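Remarks on the structure that follows.
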Amino acid sequence: MAGMARTRIAEERKAWRKNKPFGFHARPETGNDGAINLMKWKCHIPGKTKTDWEGGYFPLTIEFSEDYPSKPPKDLLNDPNPNSPAQSDAYMLFTQKPAEYKRRVRAQTSAHPPPA
């Protein structure tokens, strides 16, 4: 199974390099010895246009399991779900103080400019 996950990720990496979405950056982690770890990626994703996140580039790390693609990594950034809060402070602001939530989102956006 492990070989299957790495083979699949290597194929997807080739496709990504040929046709990646504009503004997205993703690279497998490189160890101190120069070896590439296809199971762990460093990425930057752009904030969605026409939202308070627009203009920011947010870092994230994607870790693939040996069960990939049967068990894909999770994406928690697209649409917040107030019925299942992942972070209690953000949840409280999002549901009870939306103006303060938006102010903090814009501050995060300013703090994460496009990568150099």
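The values are calculated or read from the model by the stated rules, or taken from the named source; none is laboratory data. Source: prediction; values computed, not measured. So basically every Cβ, Gly included, is an ideal-geometry build from the backbone, and we count neighbours across all protein chains shown. For the accessible areas, the whole protein counts, side chains as well, though only heavy atoms, and no ligand, DNA or RNA atoms are used. Shrake-Rupley method; radii C 1.70, N 1.55, O 1.52, S 1.80 Å.
List every residue pair whose Cβ atoms sit under 6 Å apart, with the two residues 6 or more apart in sequence or on different chains, where the first one lies in the range 34-51 and is within 13 Å of Thr109 (Cα to Cα) and open to solvent by 50 Å² or more (accessible area, probe 1.4 Å) and the second, anywhere, is assigned to a strand (DSSP E or B) and not aromatic (Phe, Trp, Tyr).
Within 6 Å, the pairs are His44/His25; His44/Pro59.
When the residues of the range 78-109 are narrowed to those that are within 19 Å of Glu54 (Cβ to Cβ) and modelled with pLDDT under 85, which ends up least open to solvent (accessible area, probe 1.4 Å)?
Ala90
Return yes or no: is Asp67 in contact (Cβ under 8 Å) with a residue 60 or more places away in the chain and either open to solvent by 50 Å² or more (accessible area, probe 1.4 Å) or of a type in the set (A, V, I, L, M, F, W, C) (or both)?
So Asp67 fits the description; yes.
Among the residues of the range 22-33, write down those that are open to solvent by 90 Å² or more (accessible area, probe 1.4 Å) and within 30 Å of Arg106 (Cβ to Cβ).
Residues satisfying the conditions are Phe22, Arg27.
I need the full set of residues from the range 1-21 which are of a type outside the set (D, E, K, R), closer than 30 Å to Glu54 by Cα and either open to solvent by less than 50 Å² (accessible area, probe 1.4 Å) or touching a residue at least 24 places away in the same chain (Cβ under 8 Å) (or both), in order please.
If the condition is that a residue be of a type outside the set (D, E, K, R), closer than 30 Å to Glu54 by Cα and either open to solvent by less than 50 Å² (accessible area, probe 1.4 Å) or touching a residue at least 24 places away in the same chain (Cβ under 8 Å) (or both), then Ile9 is the only one that fits.
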